[in-house]
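Reading through the structure tokens given below for one structure.
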Amino acid sequence: MAIRTLTRLSVALFLSSLAVALTRDGRPNGNLPPIPAVPVPDVPTDTPVTSRNGTTLPPYNTTYYFEQLIDHNDPSLGTFQQRYWHTWEYYEEGGPIILFTPGEANAAGYYGYLTNSTINGRVAQQENGATVVLEHRFYGLSNPYPDLSVQSFRVHTIEQAVQDLVYFTQNVKLPMPGGDAVTPEQAPWVLIGGSYSGALTAWTMVDQPNVFWAGYASSAVVEAIVDYWGYFDPIRQYMPQNCSADVEAVIAHMDQVFTSGDETAISALKAQFGLSNVTHLDDAAGSLRNNLWDWQSLSPDSGPDQQFFQFCDALEVKDGVSAPATGWGLEHALEAWGTYFANVYYPLICGTEDAEDCLGTYDPTQSYWTDTTIDNAGRSWEWIVCTEVGFLQDGAPPNWPTLVTRLVQPVYDERQCSYMFPEAFPTWPTPNVAATNARYHGWNLQVDRLFFANGQRDPWREATVSADGVYVPSTPTQPIAIGNGYHCSDLIVRNADVDATVMDVENEALGYMKTWLSEWTKP
């Protein structure tokens, strides 16, 4: 079996190379939403790992390769090398195999999910299990084909990703004692995921029952939604009230000016935010979503110096005094936000790049639309967005408060699908979320031994089973636990150390896993 050790330095260099070419958070354009990836745990050292019996094991960052089918509907097409990471630090014969995929990201930096700094490792430690991190097809270096073209993406589907997980369990020979006899018929498997990979956990257990004995789905976006304006609603509910009040006021004013036809007022408002060079008004107004998108990176252990809170402080702290809950009002907020965005925030997301190049989305010749080189997570994720899940993060409907411009509607994003994948979408597509929800049951899915973990402050909450206005009962066979966390906060143990509600979620999950795994018997 091929093995390669990836050093922490090489991971750092890889990530820094992305930062040079893209926006500070890895996006190819400042008006594309951030990928809803799971948080990266603290990276353990490269030193060898010691098992419970004192055996020295390979470092966590040792990379293994699995021969995965290119197309599960046509095995004759052969295989590709799918990367995975693995440790048997806590394993004892008869213990479970804990499988995790970070989903829509290069998985090289995610081997921390092998350790007990995550819920994965806590389950393994409690149940004498082994942990595995598997890279998702078409992310990182696990690619069925040497490019990310539309032709290659023929096998980039949720269905194929589900089958990858199943085929892996049935055929992998883990490089540990007894690792050639751990198929689902020989050992219980637990599937864990967060965000998209949390949904993938639920969808896999719905679509392919009796493979995984138990599952843990954190912030699982199980309901595919085209117009996902609800992304911003948990942010509006939980951000400082003075900040939300002033953001709503500024956005309402911007929408009014940008739809007024008054070219003088339009030009002045664009200039106030440093956006004079941005041609299209929906691009200019949509770029302010960036300040709200920073919420997604928060966690319970985030300090007050986080970018999102710096933004709110810029609007709400005047002469050392914080605004009341109603905010300072439009006049101050408009000046403060414009100054902050133009002078402080724009350089953070775009550097010295021209505003039209960084934030404009109407030039189909820009290189990021046509870059088909591998390890381009943004392109791989956009394919799934455009075809199967939607999640287009736009302005709220007229009868609802909105933190972002109503000039940005689903057609704004659907147009970009045509730019990125013209061979597949000669006209603007509507993601086929109806088919996704019909096959995998969305909010209505019912699976035995599947634990849902959600956070009240998660911007992806409205696509989970804990969405407002959606009643999904919590049952002993499909429990739902919700704490005060953000996006996938419960996956990381350090968040439980600072938030008792997250700790309660993790401990409840461990209790269910103990019960469920005790019930497993060989078929």
TODO: Hey, can you tell me all the residues within the range 153-188 that are without any contact (Cβ under 8 Å) to a residue 60 or more places away in the chain and among the hydroxyl-bearing types (Ser, Thr, Tyr)?
DONE: Thr183
TODO: Would you point out the residue of the range 386-411, among those that are in contact with an Asp or Glu (Cβ under 8 Å, 6 or more places away or on another chain) and in a helix (DSSP H, G or I), that is least open to solvent (accessible area, probe 1.4 Å)?
DONE: Cys386
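Condition first: part of a helix (DSSP H, G or I), more than 21 Å from Leu275 (Cβ to Cβ) and without any contact (Cβ under 8 Å) to a residue 40 or more places away in the chain. Now tell me which residues in the range 310-344 satisfy that.
Selection gives Asp313 alone.
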Open item on the list: Just to be sure I understand the filter: pairs with C-beta atoms under 9 Å, separated by 6 or more residues or on different chains, first member in the range 505-523 and free of Cβ contacts under 8 Å to residues at least 60 places away in the same chain, second member outside any helix (DSSP H, G or I) and surrounded by fewer than 20 Cβ atoms within 10 Å (Cβ to Cβ). Which pairs pass?
Closed with: Glu508/Pro479; Thr515/Pro476
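Residue under question is Lys270, and the condition is that it be crowded, with 21+ Cβ neighbours inside 10 Å, over 29 Å from Pro36 (Cβ atoms), over 28 Å from the mean Cα position of the chain (by Cα) and not polar (S, T, N, Q); does it hold? Write out each step before concluding.
Numbers: crowded, with 21+ Cβ neighbours inside 10 Å: yes; over 29 Å from Pro36 (Cβ atoms): yes; over 28 Å from the mean Cα position of the chain (by Cα): yes; not polar (S, T, N, Q): yes.
The answer is yes for Lys270.
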TODO: Report yes if some residue within the range 144-163 is open to solvent by 10 Å² or more (accessible area, probe 1.4 Å) and within 17 Å of the chain's Cα centre (by Cα); otherwise report no.
DONE: yes
Task: Number of positions in the range 473-523 that are open to solvent by less than 20 Å² (accessible area, probe 1.4 Å) and among the β-branched types (Val, Ile, Thr) - done: 3
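So that you can scan it fast, the table gives a plain yes or no per residue for (1) among the β-branched types (Val, Ile, Thr); (2) crowded, with 24+ Cβ neighbours inside 10 Å:
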site: Asp71; (1), (2): no, no
site: Phe80; (1), (2): no, no
site: Glu89; (1), (2): no, no
site: Thr101; (1), (2): yes, yes
site: Tyr110; (1), (2): no, yes
site: Tyr113; (1), (2): no, yes
TODO: Taking only the range 156-170 into account, find how many residues are closer than 16 Å to Trp381 by Cβ and touching a helix residue (DSSP H, G or I) at 6+ places or on another chain (Cβ under 9 Å).
DONE: 4
TODO: Inspect the range 446-466 for any residue being acidic (Asp, Glu), open to solvent by less than 10 Å² (accessible area, probe 1.4 Å), closer than 28 Å to Val247 by Cβ and modelled with pLDDT of 95 or more and give the result as yes or no.
DONE: yes
TODO: Please identify the pairs in which a residue from the range 355-376 that is outside the structural domain of Ala107 (by the TED database) has its Cβ atom under 7 Å from the Cβ atom of a residue that is assigned to a loop (DSSP other than H, G, I, E, B) and of a type in the set (Ser, Thr, Tyr), counting only partners at least 6 apart or on another chain.
DONE: Glu356/Thr279; Leu359/Ser287; Gly360/Thr279; Tyr362/Thr279; Thr372/Ser149
- [ ] Any residue in the range 385-406 that's farther than 14 Å from Val250 by Cα: show its pairings with residues that are hydroxyl-bearing (Ser, Thr, Tyr) and assigned to a loop (DSSP other than H, G, I, E, B) at Cβ separation under 6 Å, as long as the two are six or more apart or on different chains.
- [x] Phe391/Tyr228; Leu392/Tyr228; Gln393/Tyr228; Ala396/Thr402
Open item on the list: Where the second residue is open to solvent by less than 10 Å² (accessible area, probe 1.4 Å) and of a type in the set (D, E, K, R) and the first is in the same structural domain as Ala496 (by the TED database) and free of Cβ contacts under 8 Å to residues at least 60 places away in the same chain and lies in the range 104-117, which pairs have Cβ atoms under 8 Å and are six or more apart or on separate chains?
Closed with: Ala107/Arg83; Ala107/Glu135
Open item on the list: Can you find, within the range 351-378, the residue that is nearest to Leu32 (Cα to Cα) among those that are in contact with a helix residue (DSSP H, G or I) (Cβ under 6 Å, 6 or more places away or on another chain) and part of a helix (DSSP H, G or I)?
Closed with: Leu359
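Can you tell me how many residues in the range 113-154 are assigned to a strand (DSSP E or B), farther than 16 Å from Ser51 by Cα and of a type in the set (S, T, N, Q)? Quick ask: steps written out before the conclusion?
Step one: list which residues in the range 113-154 are assigned to a strand (DSSP E or B), which gives 118, 130-134, 139, 142.
Next, from what is left, pick out any that are farther than 16 Å from Ser51 by Cα: 118, 133-134, 139, 142.
Now drop any that are not of a type in the set (S, T, N, Q), which leaves 118, 142.
Final tally of qualifying residues: 2.
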TODO: Keeping to the range 164-212, report how many residues are more than 23 Å from the chain's Cα centre (by Cα), open to solvent by less than 20 Å² (accessible area, probe 1.4 Å) and under 23 Å from Gly112 (Cβ atoms).
DONE: 7
TODO: Say whether the condition of being under 29 Å from the mean Cα position of the chain (by Cα) and more than 18 Å from Ile35 (Cβ to Cβ) is met by at least one residue in the range 314-327.
DONE: yes
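The values are calculated or read from the model by the stated rules, or taken from the named source; none is laboratory data. Just so you know, these numbers come straight off a predicted model, no measurement behind them. Ideal geometry is used to build each Cβ from the backbone, glycine not excepted, and the neighbour counts take in all protein chains shown. Side chains are part of the model used for accessible areas, which takes the heavy atoms of the whole protein and leaves out ligands, DNA and RNA. Shrake-Rupley method; radii C 1.70, N 1.55, O 1.52, S 1.80 Å.
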